[in-house]
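Read the structure below first, then the notes.
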Amino acid sequence: MQELLFRNMDKILHAWMLLDGENQVVIWSRPAAEHFGYSAEEVAGKPFHLLLPAHTPNREEYIKLLELDSHNGSVINHRTQMAQRSGIIMDVELSMHSLHDEENFKLITFANITEATELQHYVNNKMMELVERFHFFHGKDLTPQMREIFDAILVAVTSGQGLKFNRCLLLLVDQDDQELKGVQAIGPANREEAGRIYHELSASPPTLTKMIDLYKSSGNHDDSWINQLVREISVSLADPEHILIQTLFNQKYQLINDSSPMAGHPSFNWLRETLHASECILVPLLWHGQSVGLLVADNSVTGHAITDINIKALTDFAKVTTEVIETVKLLTKLEESITYIKQTNLKIKESQAQLMHQEKLAAKGQLIAQMAHEIRGPMAIIGGFARRVYKRIEPADINYDPVQRIVETVATLELVLNDILDQSPKADEQKTDCDAAKTINRVVALLEEEIHNRRISVNINIKGDLPNIRIKEHHLFEIINNLVKNAIEAMEKDGLLLILANELGNMVVITIQDTGPGIPQAEEAKIFSPYYTTKENGTGLGLVVVQKLVEEHKGMLTVHSLPGKGTTFTISLPTVNKQEES
Amino acid sequence: MSETPKKILVIDDEENVRELLKLEFSDLGLTVLTANSAFNGLQVLKDQKVDLVVLDIKMPGMDGIEALEKIISTQRGLPVIIHSAYSHYKDNYLTWSATSYVVKSGDLSELIEKAQEILANQEEE
């Protein structure tokens, strides 16, 4: 049993090593050997610190210092750098567990996170670049940048130290079409091409950024064979039997080869035929528990088998990939929003400038009007007295002609003033529009105390979104205020005030109904006459004003009263939009 | 024709206007009272019965619009002619309750005609 566990330890822990009390390597796993390039025999008895880069501070005390950071004898996911036999520095994430027996052992497990770390750096730099670019090219399409970042992911999978797949395909879920779609891919079409590319790559220092640059400089890969192939892949999410969709939804990697459980399934055969590969690996990309895409990788060119280490590396890498992709998506959305905001801002600025121009003109006009009015008063006095004198003197009088000239000149000047005033814009000539619902609510709110005192129930019923009425707000307020006040004052305690508003054709119809005593038929004709009132302190002008205002705005006012039951006033006023359309 | 002459009250802050209108209306056989502010005008109305008010709008202190409201609520039926250098107050519904609105002019014929018309109507009643 123990032996069985030990035999399978590599599968569970992958790269691991055991140190003795002197921090010397006792045993180390095959994956660890692959990562570092030393065999188990070569490292046995060697101190751990030889695996650390020469420049590491406190190199020889590293494990001792790490022990100080441990909790219950363990250090989890400590990030550091370690050196391979060839001198290449790896970014690693290691965990250490103290195992006490008669002697003090330490079990160290680690993961090579070089590509993930470099990709994060690369993407961070790209992001900074993008953010800087926003300042200069607003509205620039992000797609080329997204392509670059996808390329970086794919280069990392195929040329990275820990990953080293021959080919990689990126497939993403398209939520709009409910499909899994091939987006981008990397890899040679055949052995010759592979040889050419990888010769160049292996001759260069293996940093991800340099490899990406090399990859980019080696030409446009958009129409490469594998990119054409990947873009033809499109599978409906509604097909759970499909091998790609199944992997996507199971959220677990799947190794595709002759021994896989899906072997023989039509989609299994389709995948192997499409990729011209006997073996490949599918790794889902998960973002907050949701599957957003798949990485498909294979070694079809070299024919190497996909090892457990390869799988572990790729599944780890998939996490970073997902973060990168989702960040790019967010950034794209952010960019769209920025563009939208910038455009809106521009529009606002434009209309502000226009408005300021109009305001300046209006201010000038108002100043002219003001001056004209100021002159009109004294002019009337001069003219008035001159006419008075003029009427009283005989044509023979020596002053007759001069006075006549004064009268005529004043009359001319008054005409000039009238002309100026006719042409200058009046302060509030522009008819504004207003929202009946708002005004109704404002009136009722202002009369709340009176309504409460009289214990009147108010029922306001406004149908939908009313179009605005072409009337100044204070005019509509005056109309509604007068009618509502009348209604309230007509009712004894416990009355019901009903206010309805709805759209009818190109009019807004407002009905104000009370449960008061109503208007006797004989009186109905009089209610619109000035000074007619039934109230103790009334002026008898409220309804006159209402009628004049409604007429002025091309509206209609009707009254319907049932003695003993109540009175209903109905006003209809033309709306803004309909007027403008016609 | 009634024996007692009709009484007209001119409310205007400008002395020249008061003087001119006093002369003109007196020529027509009317008794002319004057007030140099809206406040003083309202005082006059408290003490005396007049038949017509000629009211300026732009005056320091209480303006003609406010005075008009007060006149209408205290002296129901008393006709008021607004006499202003400004024409745009016509747009203000608060002036609509005045009997008439005449823009000031060197030619007083419009004002005089309106006044005579209003006073003649009163006689018929």
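The values are calculated or read from the model by the stated rules, or taken from the named source; none is laboratory data. The shown structure was predicted, so the numbers you read here are calculated from the model rather than taken from an experiment. For neighbour counting, all protein chains shown are included, and Cβ atoms are generated from backbone atoms with ideal geometry for every residue, glycine included.
Quick rundown of the values:
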{"read-out": "Filtered residues of segment A:414-442 (kept if modelled with pLDDT of 85 or more and under 30 Å from residue A:378 (Cα atoms))", "value": "A:414"}
{"read-out": "Segment A:289-316 residues that are on the phi > 0 side of the Ramachandran plot, paired with ones that are among the acidic types (Asp, Glu) (beta carbon under 6 Å, 6 or more apart)", "value": "none"}
{"read-out": "Hey, residue A:201 closer than 24 Å to residue A:318 by Cβ, in a helix (DSSP H, G or I), at pLDDT 80 or above and not charged (D, E, K, R) or not", "value": "no"}
{"read-out": "Set A:415, A:446: member being exposed (fewer than 15 other Cβ atoms within 10 Å of the Cβ) and more than 14 Å from every other protein chain (Cβ to nearest Cβ)", "value": "A:446"}
{"read-out": "Segment B:69-119 - residue that is of a type in the set (S, T, N, Q) and outside any helix (DSSP H, G or I) and, of those, farthest from the chain's Cα centre (by Cα)", "value": "B:92"}
{"read-out": "Single residue of segment A:490-504 satisfying the filter (without any contact (Cβ under 8 Å) to a residue 60 or more places away in the chain and surrounded by fewer than 16 Cβ atoms within 10 Å (Cβ to Cβ)) that is nearest to residue A:545 (Cα to Cα)", "value": "A:502"}
{"read-out": "Candidates A:336, A:326, A:374, filtered to the one that is surrounded by 12 or more Cβ atoms within 10 Å (Cβ to Cβ) and in contact (Cβ under 8 Å) with a residue 24 or more places away in the chain", "value": "A:326"}
{"read-out": "Some residue of segment A:367-378 being at pLDDT below 80, under 30 Å from residue A:415 (Cβ atoms), in a helix (DSSP H, G or I) and away from every other protein chain (no Cβ under 14 Å)", "value": "yes"}
{"read-out": "Residue count, segment B:4-45 (criterion: under 20 Å from residue A:380 (Cα atoms) and in a helix (DSSP H, G or I))", "value": "13"}
{"read-out": "Unmet requirement for residue A:476, which otherwise passes all of (1) out of contact with any His (no Cβ under 9 Å at 6 or more places or on another chain); (2) in a helix (DSSP H, G or I); (3) touching a residue at least 60 places away in the same chain (Cβ under 8 Å)", "value": "(1)"}
{"read-out": "Test: residue B:26 is more than 13 Å from the chain's Cα centre (by Cα), more than 10 Å from chain A (Cβ to nearest Cβ) and not hydrophobic (A, V, I, L, M, F, W, C)", "value": "yes"}
{"read-out": "Qualifying position, being touching a strand residue (DSSP E or B) at 6+ places or on another chain (Cβ under 6 Å) and either outside any helix (DSSP H, G or I) or crowded, with 19+ Cβ neighbours inside 10 Å (or both), among A:481, A:459", "value": "A:459"}
{"read-out": "Pairs where the first residue, in segment B:107-118, is touching a residue at least 40 places away in the same chain (Cβ under 8 Å) and more than 10 Å from chain A (Cβ to nearest Cβ) and the second is in a helix (DSSP H, G or I) and of a type in the set (D, E, K, R), C-beta under 7 Å, 6+ apart", "value": "B:112/B:24"}
{"read-out": "Enumerated strands (runs of 3 or more DSSP E) restricted to segment A:240-342, each holding at least 2 residues that are at pLDDT below 90", "value": "A:280-287, A:290-298"}
{"read-out": "Among the residues listed as A:106, A:46, A:64, the single one being out of contact with any helix residue (DSSP H, G or I) (no Cβ under 9 Å at 6 or more places or on another chain) and modelled with pLDDT of 90 or more", "value": "A:46"}
{"read-out": "Segment B:73-82: number of residues that are in contact with a Phe, Trp or Tyr (Cβ under 8 Å, 6 or more places away or on another chain) and buried (at least 19 other Cβ atoms within 10 Å of the Cβ)", "value": "2"}
{"read-out": "Qualifying position, being under 30 Å from residue A:10 (Cβ atoms), modelled with pLDDT of 75 or more, among the small types (Gly, Ala, Ser) and touching a Phe, Trp or Tyr at 6+ places or on another chain (Cβ under 7 Å), among A:116, A:111", "value": "A:116"}
{"read-out": "Some residue of segment A:389-402 being surrounded by 13 or more Cβ atoms within 10 Å (Cβ to Cβ) and either within 14 Å of chain B (Cβ to nearest Cβ) or at pLDDT below 80 (or both)", "value": "yes"}
{"read-out": "Test: residue in segment B:89-106 that is modelled with pLDDT of 90 or more and among the hydrophobic types (A, V, I, L, M, F, W, C)", "value": "yes"}
{"read-out": "Per-region count, segment A:379-410, residues in contact with a helix residue (DSSP H, G or I) (Cβ under 7 Å, 6 or more places away or on another chain), part of a helix (DSSP H, G or I) and of a type outside the set (D, E, K, R)", "value": "14"}
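For every residue, the table says whether it meets (1) touching a helix residue (DSSP H, G or I) at 6+ places or on another chain (Cβ under 8 Å); (2) of a type in the set (Ser, Thr, Tyr); (3) over 20 Å from residue B:102 (Cα atoms); (4) within 10 Å of chain A (Cβ to nearest Cβ).
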| position | (1), (2), (3), (4) |
| --- | --- |
| B:10 | yes, no, no, no |
| B:22 | no, no, no, no |
| B:33 | yes, no, no, no |
| B:43 | no, no, yes, no |
| B:49 | no, no, yes, no |
| B:61 | yes, no, yes, no |
| B:64 | yes, no, no, no |
| B:85 | yes, no, no, yes |
